[in-house]
There are 2 protein chains.
Amino acid sequence: MAKKSYPLSKVYGLLEPGPVVLVSTAGGDRPDIMTLSWHTMIEFEPPLVGCVVSNRNHSFDLLRASGECVINIPTLDIAEQVVGCGNSSGADIDKFERFGLTPKPAKYVAAPLIEECYANLECRVADTTLVTPYCLFVLEVVQAWIDPAMKAPRTLHHLGHGNFMVAGERIKLKSKMK
Amino acid sequence: MAKKSYPLSKVYGLLEPGPVVLVSTAGGDRPDIMTLSWHTMIEFEPPLVGCVVSNRNHSFDLLRASGECVINIPTLDIAEQVVGCGNSSGADIDKFERFGLTPKPAKYVAAPLIEECYANLECRVADTTLVTPYCLFVLEVVQAWIDPAMKAPRTLHHLGHGNFMVAGERIKLKSKMK
């Protein structure tokens, strides 16, 4: 998969539909991956993303210590790995190895890109005000990558207890909204 | 549509997939509606939701003044109204009237439920710490309603510039995740 740099001004369109994402972090003994659905855009450009990372996760410690992560957007073809990453702890296993995912060096952060995801957003922690009360990190996307061949990604959308909605048809309506 | 009370413990499953929502507010001359995709779950129970409401919106003033709103989840059948609400201002028009949407009294808040939406979440503002820097309100869902006949809602997921993904097929994977 040959990824291309993607304009930061377009990043919101990747996260607004609400896909399950894989957050990769570095530090400790090895990089880690966590599965996450609790995210929202906060600003268009530079893109700010709010992510709730439970402090019961090994990734919470890595994210807080390193101040960096990558938000990777997976599709249906790696759904088993997405669930696997959500049901195990990086304190116990190397998730890249266990789930056959490929770490690639990022441009600006130590956390690795997950090659098998169609988009990768390199992030730095921008605001920790709400980390203590809600585990909510404000992240700034500093570099985005996308597989330009992916036109209608079959993203996963979590419904709870292993149930997912898969991205369906696309429609276009007349709108002035960004 | 005869709606039923819905357990607060299950609310996360309605918002995690990332649907476009209609936020209704009360106060001023008339209730207002805004279209919004920038939301995330923050806590399971009581359900806390982070919502970014731009201060360029009329609804921002109503939400801040009243401290209450309803998060209504629309489906494909009212897509035109969803876009209409996003392309107009409640400072100029009565959106319920203009778009043929029906306001129903809520149980705990002054903001009206939108009858045509399959789920309605009555909310109170719980934390305004990040309103000034990011327009991010932390809302607590105090009452949820759902149309029990709606099994696989065709929710809308915004991709930008009038493009939407419509909720597609559902899959079930073995998972210990909530």
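The values are calculated or read from the model by the stated rules, or taken from the named source; none is laboratory data. In this text, all values refer to a predicted model and were calculated from it rather than measured experimentally. With ideal geometry, Cβ positions are generated from the backbone for all residues, glycine too; neighbour counts draw on all protein chains shown. The protein model used for the area step is the full one, side chains on, heavy atoms only, and it has no ligands, DNA or RNA in it. Shrake-Rupley method; radii C 1.70, N 1.55, O 1.52, S 1.80 Å.
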For the range A:12-17, Karplus couplings with θ = phi - 60° (6.51, -1.76, 1.60), whole Hz, Gly/Pro x: 4, x, 7, 9, 4, x
Along principal axes, Cα extents of the range B:120-170, largest first, whole Å: 38, 31, 17
Reach of A:Lys176 by Cα under 25 Å, taken over lysines that are not fewer than 8 positions away in the same chain: A:Lys10, A:Lys151, B:Lys95
The range B:59-68 - phi-based ³J(HN,Hα) in whole Hz, Karplus 6.51/-1.76/1.60, Gly and Pro as x: 4, 4, 5, 5, 5, 5, 6, 8, x, 9
Alpha-carbon centroid distance for the pair the range B:7-28 / the range A:142-161, whole angstrom: 23 Å
Point-to-point label distance, A:Met177-B:Phe44, nm (Cα→Cβ direction, 7 Å offset): 3.0 nm
Alpha carbon centroid spacing (whole Å) that separates the range B:44-62 from the range B:64-105: 14 Å
Shortest-first distances to equivalent copies, position A:Pro46, nm, label 7 Å out along Cβ: 3.6
Relative contact order computed over the range A:1-95 (Cα-Cα under 8 Å; 6+ residues apart), in percent: 31 percent
Residue-wise HN-Hα coupling along the range B:166-178, computed from phi with Karplus coefficients 6.51, -1.76, 1.60 (Hz; x: Gly, Pro): 9, 3, x, 4, 10, 10, 10, 10, 6, 8, 8, 5, 5
Shielding by partners, peptide B:85-93 (average Cβ within 10 angstrom, other chains): 1
Chain A, relative contact order in percent, only Cα pairs under 8 angstrom and at least six apart counted: 27 percent
Of all accessible heavy-atom area on chain A, the percent that carbon and sulfur account for (1.4 Å): 49 percent
GNM top mover of A:Ala111, A:Ala126, A:Ala26 - chain A, alpha-carbon springs below 10 Å: A:Ala126
Among B:Ile71, B:Ile114, B:Ile93: highest mean-square fluctuation, GNM of chain B, C-alpha pairs under 10 Å: B:Ile93
Chain A, closest residue to the rotation axis toward B, by beta-carbon, whole angstrom: A:Gly18, 1
Chain B: most fluctuating residue of B:Asp61, B:Asp147, B:Asp29 per GNM, C-alpha cutoff 10 Å: B:Asp29
Cβ neighbours within 10 Å from other chains - mean over B:151-163: 6
Peptide A:39-50, shielding by other chains (average Cβ, 10 Å cutoff): 5
Pair-distance profile P(r), taking every C-alpha pair of the range B:10-151, with 10 angstrom steps and integer %: 12, 48, 35, 4, 0
